[in-house]
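Novice: Here it is: the structure, laid out below.
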Amino acid sequence: MVGDGDKEMPLGRNTTVVDHYAPELLFPIDRSQARRQLGLKEAAPFYGTDLWHAYEMSWLDADGRPLARVGRFRIPASSRCMVESKSFKLYLNSLNNTRFPDEDRAVETIRSDIGAVVGAEVVLELLLPDDPALAGRELPGDCLDDLAVAAPDAEPRADMLVLRPGEIKEQCCYSHLLRSLCPVTGQPDWATVWMRYRGRPIEPSSLLRYWLAYRRHQEFHEQCVERMFRDVSQRCGPEALSIQALYTRRGGLDINPLRSTDPDAKPLPRLNRQ
């Protein structure tokens, strides 16, 4: 069971458009079940944030005039639940013909509704659709995509990662080839995965092969990143580790989970492909 209460998850089901404010549409997914399957029985061994961009936010002002905004949400990885993405989209659409006296009231309502579902304080920043802050950025580090590595016909496993002999070093690298599958619908989700690591050197080709193994792996975005963090941590014993996946948008939303050993780690901004 992935949600709370008796209501069914909307993902993978036919749903009607709700044209009135409906916070009950938001569907929680408890983080603890997937973490227990990863062997994370106590407090999660990482810090992090689920950074969302919502590109289809609109509501009415006090005079009934439509407003358009892009929402930048930050949900802490320490929250009890994550929010299921289709329910998130349906909820945001339910606001389209709702009047708010001012933008502050809209922000407070949305933050409160989502915070109640995930069980933590949620940060929401509203941006105009043409705000320069939404421009795509380049990633720091080395792209591994030109390495001659075939996609394995296997699920991702920690023992795919190969350590080189050598002293402790810092590596920063990424790949645009991450593909995982929705655990409910089986549909593909595309992302760029980025990692900053300090420890014994990891053979880059083995890291890329490990990431490519997610091509047939069915798990939610946030859970994929936590699996990567667990595998790299257990296999390689790093002194420091940050992993973020920047997924392309679906339904007007992109999801960018970050997990890190650094409590002050900040998510990377959006990419051009998003």
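The values are calculated or read from the model by the stated rules, or taken from the named source; none is laboratory data. Small disclaimer: the values here were computed from a predicted structure and weren't measured. Because the Cβ atoms are built from the backbone with ideal geometry, glycine has one as well, and the counts that use them run over all protein chains shown. Surface areas here come from the heavy atoms of the whole protein model, side chains and all, with no ligands, DNA or RNA. Shrake-Rupley method; radii C 1.70, N 1.55, O 1.52, S 1.80 Å.
Novice: Just to confirm my filter: which helices (runs of 4 or more DSSP H) fall fully inside region 17-120 and include at least 3 residues that are open to solvent by 30 Å² or more (accessible area, probe 1.4 Å) and either under 21 Å from Arg249 (Cα atoms) or of a type outside the set (S, T, N, Q) (or both)?
Specialist: Values: elements: 31-37, 85-93, 103-118.
Of the helices (runs of 4 or more DSSP H) lying wholly inside region 17-120, those with at least 3 residues that are open to solvent by 30 Å² or more (accessible area, probe 1.4 Å) and either under 21 Å from Arg249 (Cα atoms) or of a type outside the set (S, T, N, Q) (or both) span 85-93, 103-118.
Novice: A follow-up question, please. State all residues of region 225-274 that are closer than 19 Å to Ser206 by Cβ and either free of Cβ contacts under 8 Å to residues at least 24 places away in the same chain or in a helix (DSSP H, G or I) (or both); if no residue qualifies, say none.
Specialist: Val225, Arg227, Met228, Phe229, Arg230, Asp231, Val232, Ser233, Gln234, Arg235, Cys236 - these are the residues of region 225-274 that are closer than 19 Å to Ser206 by Cβ and either free of Cβ contacts under 8 Å to residues at least 24 places away in the same chain or in a helix (DSSP H, G or I) (or both).
Novice: (1) out of contact with any Phe, Trp or Tyr (no Cβ under 6 Å at 6 or more places or on another chain); (2) open to solvent by 10 Å² or more (accessible area, probe 1.4 Å); (3) closer than 12 Å to Arg259 by Cα: which one isn't true of Val225, the others all being true?
Specialist: That leaves (2) as the condition not met.
Novice: Let me confirm something: among Arg209, Arg270, which residue is over 24 Å from Gly71 (Cβ atoms) and surrounded by 16 or more Cβ atoms within 10 Å (Cβ to Cβ)?
Specialist: Details: Arg270 fails: over 24 Å from Gly71 (Cβ atoms).
Criteria check complete, one pass: Arg209.
Novice: Condition check: among the aliphatic types (A, V, I, L, M), open to solvent by 50 Å² or more (accessible area, probe 1.4 Å) and farther than 22 Å from Ile243 by Cβ. Does Leu124 satisfy that?
Specialist: Values: among the aliphatic types (A, V, I, L, M): yes; open to solvent by 50 Å² or more (accessible area, probe 1.4 Å): no; farther than 22 Å from Ile243 by Cβ: yes.
The answer is no for Leu124.
Novice: Checking the condition open to solvent by less than 60 Å² (accessible area, probe 1.4 Å), part of a loop (DSSP other than H, G, I, E, B), in contact (Cβ under 8 Å) with a residue 12 or more places away in the chain and farther than 25 Å from Leu241 by Cα, which residue from Pro152, Pro183 passes?
Specialist: Numbers: Pro152 fails: farther than 25 Å from Leu241 by Cα.
The match here is Pro183.
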